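Heads up: the structure comes next, in structure tokens.
The values are calculated or read from the model by the stated rules, or taken from the named source; none is laboratory data. Remember, predicted model here, so these are calculated numbers, not experimental data. Note: ideal-geometry Cβ built from the backbone for every residue, glycine included; neighbour counts use all protein chains shown. Protein only, heavy atoms only, side chains kept; ligands, DNA and RNA dropped before computing areas. Shrake-Rupley method; radii C 1.70, N 1.55, O 1.52, S 1.80 Å.
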Amino acid sequence: MLTFIHSRLALTIILFVLVLGLWAGWKYFRREGLTSSYWGALIIGEMLILAQGLLGLLLVIMGRQPAELLHFLYGVVTALGLPAVYIYTGGRATRTEAAIYALVSFAIFGLAIRALTTGGG
């Protein structure tokens, strides 16, 4: 059951960060900065990713290991991606940061897909 929740949450994260990337890209091409709504969505996305990590840790404690050890690396990099961008940009919300968040969201999208494929769920 926990493995099922872990895999479904992975799909949720994949779709969520795709939307975050499209949203930030839309803001960039409209020559706009990020809004408080976007910041809220980023926080929700990070909370989903951290919840996924906690579920994964619980699975490991219960003796379930992913098919490939790279699964752990993808998970850690995914979890650190959005906070790293926030630190790098200093929390600014201009058009430039919209482009950065879009690119990083798409990178996390790819990493999350790769994590899903290496999990072996």
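Observations
- Sorting S7, S37 by accessible area puts them as S37, S7; the probe is 1.4 Å, largest comes first, and only protein heavy atoms count.
- Calculated FRET value between I5 and L70, using beta carbons and R₀ = 30 Å, to 0.05: 0.85
- Overall dimensions of the chain, expressed as equivalent-ellipsoid semi-axes from the Cα gyration tensor (√(5λ), whole Å, largest first), are 29, 12, 12.
- Table column - 3J(HN,Hα) (Hz), the range 77-85, Karplus curve with 6.51, -1.76, 1.60, x for Gly and Pro: 5, 4, 5, 8, x, 5, x, 5, 5
- About its Cα centre, the chain has a charge dipole of approximately 240 debye under the convention of +1 per Lys or Arg Cβ and -1 per Asp or Glu Cβ, with nothing else charged.
- Model label sites at L15 and T117, defined 7 Å from Cα along the beta-carbon direction, differ in position by 2.1 nm.
- Cα gyration tensor category, rounded, prolate or oblate, for the range 1-60 with a/c compared to 1.5: prolate
- Here the contact order of the chain, divided by its residue count and restricted to Cα pairs under 8 Å and six or more residues apart, works out to 46 percent.
- Residue-span extension gain [V60 to T89] - 0.36 nm each, minus C-alpha spacing: 7.0 nm
- MRE, 222 nm, helices only [DSSP H, n ≥ 4, -39500 (n - 2.57), over the chain, to nearest 500]: -29000 deg cm²/dmol
- Sites listed here are trypsin sites (Lys or Arg not before Pro) in the range 1-30 whose DSSP assignment is loop and whose Cβ has at most 16 other Cβ atoms within 10 Å: R30.
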